[in-house]
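Here's the structure we're looking at; comments come further down.
The values are calculated or read from the model by the stated rules, or taken from the named source; none is laboratory data. Please read all numbers here as calculations on a predicted model, not as lab measurements. Here Cβ is always computed from backbone atoms with ideal geometry, including for glycine, and neighbour counts include all displayed protein chains. Note: areas computed on protein heavy atoms with side chains; ligands, DNA, RNA excluded. Shrake-Rupley method; radii C 1.70, N 1.55, O 1.52, S 1.80 Å.
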Amino acid sequence: VETIYEILDFQRAVQAYLWALPIVAFEEARVNQMRNTGALDGDLVTYEGYRSVGVWLTANVSTPYLIGFADLTTTGPIVIELPEGAGAGMINDAWQRPVADLGQSGPDKAMGARYLVTGPEQMVSEPQADFTLRSKTNNIIFMYRILETDSQLVTKLKSGIKVYPYASRFHPPETNFLVPKEDVDLALHIQPRGLDYWKRLHAILQREPVAERDRFFMAMLRPLGIELGLPFEPNERQAKILRDAALFG
């Protein structure tokens, strides 16, 4: 009987590992960007050139990127202003699901627009924006790629992007633009190993609502020491199962 329970919990942990890959990778990227640049909610980091862009798995070294994270429970609904110009990007939620495309592939068609992004439980009456978007998670990532080829237009487009809380829309603060450190961590978007993987998962789950689709996974995590509202303190048995499952997964 004990062996069967060991196998059952190990299988739960492996399935939970695979299920959680998108949100753990999101959280790992957020934490490492903050560590490498000091970026806080709403700050934008410019990635340009091989050494800088190389931290992202699918980025192209020939174009600059601006990337920022935001926890909407901290910032409140936020505004993203895009100037007119050749560029394309996206807003994704914490599960890496698309909230919206932006720029040439988005509804603004690179003509410039003001986007308002709200969290799953945030309401804005009569929003003052060109496009209003609702994220299914509290945490989001904003990524924008500059596609202009003229250096002056590149600079103008980069500096023209603004991110600020909707509550400050009448007197918006200056957007904080940052660059990575020279010794930037080249593993920005790779999930951690061992118990660190589960620490990341526990941390981000505490800040997100549980979707209906995920309630069975949350139940599977409970006997493994991961539960909403409780610290992550696995006992020796749970820790061994989680380490083995992270390697197997």
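Let's see how each residue does on (1) assigned to a loop (DSSP other than H, G, I, E, B); (2) touching a strand residue (DSSP E or B) at 6+ places or on another chain (Cβ under 8 Å); (3) surrounded by 16 or more Cβ atoms within 10 Å (Cβ to Cβ):
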position	(1), (2), (3)
LYS156	no, no, no
THR175	yes, yes, yes
PHE217	no, no, yes
LEU230	yes, no, no
LEU242	no, no, yes
Original post:
Pick from the range 1-16 the residues that are part of a helix (DSSP H, G or I) and among the hydrophobic types (A, V, I, L, M, F, W, C): which of them is surrounded by the most Cβ atoms within 10 Å (Cβ to Cβ)?
Top reply: ALA13
Original post:
Checking LYS181 against (1) basic (Lys, Arg); (2) part of a helix (DSSP H, G or I); (3) in contact with a Ser or Thr (Cβ under 9 Å, 6 or more places away or on another chain), which test does it fail?
Top reply: (2)
Original post:
Within the set of pairs 6 or more residues apart or between chains, which connect a residue that is in a loop (DSSP other than H, G, I, E, B) inside the range 161-173 to a residue that is of a type outside the set (A, V, I, L, M, F, W, C) and open to solvent by 90 Å² or more (accessible area, probe 1.4 Å) with Cβ atoms less than 7 Å apart?
Top reply: ARG169/GLN128; PRO172/LYS162
Original post:
Just wondering, is there one or more residues in the range 218-233 that are closer than 22 Å to ILE140 by Cα, at pLDDT 95 or above and among the aromatic types (Phe, Trp, Tyr)?
Top reply: no
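Yes/no per residue for (1) of a type outside the set (Ser, Thr, Tyr); (2) touching a strand residue (DSSP E or B) at 6+ places or on another chain (Cβ under 8 Å); (3) modelled with pLDDT of 95 or more:
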site	(1), (2), (3)
ASP9	yes, no, yes
ALA20	yes, no, yes
GLU28	yes, no, no
THR37	no, yes, no
ARG51	yes, no, no
LEU57	yes, no, no
SER62	no, no, no
ILE67	yes, yes, yes
Subject >> Boolean, LYS136 is modelled with pLDDT of 95 or more and assigned to a loop (DSSP other than H, G, I, E, B) >> reply: yes
Original post:
What is the one condition in (1) open to solvent by 40 Å² or more (accessible area, probe 1.4 Å); (2) in contact (Cβ under 8 Å) with a residue 24 or more places away in the chain; (3) not in a strand (DSSP E or B) that TRP95 does not satisfy?
Top reply: (1)
**OP:** Return the only residue of ARG200, ARG213 being in contact with a helix residue (DSSP H, G or I) (Cβ under 6 Å, 6 or more places away or on another chain) and among the charged types (D, E, K, R).
**Re:** ARG200
**OP:** Inspect the range 16-29 for any residue being of a type in the set (Gly, Ala, Ser), touching a residue at least 12 places away in the same chain (Cβ under 8 Å) and touching a His at 6+ places or on another chain (Cβ under 8 Å) and give the result as yes or no.
**Re:** yes
**OP:** Return yes when ALA16 is under 25 Å from ASN138 (Cβ atoms) and modelled with pLDDT of 95 or more and no when it is not.
**Re:** yes
Original post:
Quick one: which of LYS162, LYS156 is closer than 24 Å to GLY76 by Cβ and among the basic types (Lys, Arg)?
Top reply: LYS162
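Here is a yes/no grid of residues against (1) assigned to a strand (DSSP E or B); (2) open to solvent by less than 10 Å² (accessible area, probe 1.4 Å); (3) hydrophobic (A, V, I, L, M, F, W, C):
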residue	(1), (2), (3)
LEU40	no, no, yes
VAL55	no, yes, yes
THR63	no, no, no
PHE69	yes, no, yes
VAL79	yes, yes, yes
